[in-house]
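Worksheet for the structure shown next.
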Amino acid sequence: MAERYAHIPLLAGSGLMRMSLFDPGSVNLGAVGDDGVPGGAFDFVYLNISRISGTSPDLCEQYRLAPSHRDLRPGFLRATLAYAAPGACRRAPSLKLYFGGDHDYMSGTAGG
């Protein structure tokens with residue numbers, strides 16, 4: 001996990017960064033095959049464990065960065081809202097919601 005966030009202290013320490021990514025959870029990502037069912041060209045888990053030291057919540061707090069949330073599913077939104085509780089986050093966050101549709105999120109083709 002540490003290598004994923006290694007650039008944040010460098011940029012924040014230089015003063016060039018006032019906002020940073022904030023990963024609220026993990027998600028399974030995969031494509032659909034030609035037949036329209038899961039099992040396409042890729043299938044992986046994007047893993048984020050927020051209570052490991054040095055992950056995005058800790059770095060946002062340590063370097064006084066505003067968190068930039070990108071919520072890919074409702075479970076992420078629950079975690080984001082928990083961090084929005086009074087006293088949980090000291091900087092005003094940016095929030096982006098990405099919830100489905102009828103197009104594949106990687107290729108943009110309909111039916112995915």
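Taken together, the values in this text are just the output of simple stated rules run on the coordinates, not laboratory data. The model shown is predicted, which means the values in this text are computed figures rather than measured ones. Every residue, glycine among them, receives a Cβ derived from its backbone with ideal geometry; neighbour counts consider all protein chains shown.
Here is how the numbers come out for the structure above:
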quantity: Rounded to 5, percent antiparallel among DSSP beta bridges of region 2-97; calculated: 40 percent
quantity: Kirkwood-Stokes translational diffusion coefficient of region 2-97, alpha-carbon pairs, 37 °C, 0.692 mPa s, µm²/s; calculated: 224 µm²/s
quantity: Using a Förster distance of 30 Å, the FRET efficiency for Tyr83-Met17 (Cβ separation, nearest 0.05); calculated: 0.95
quantity: Extension gain, Thr109 back to Ala6 (0.36 nm per residue minus Cα-Cα distance, nm); calculated: 33.7 nm
quantity: Rough spin-label spacing in nm, given labels placed 7 Å along Cα→Cβ, for Asp35 and Ser94; calculated: 4.2 nm
quantity: Ordering of 22-35, 3-16 by burial proxy (mean other Cβ atoms within 10 Å per residue, highest first); calculated: 22-35, 3-16
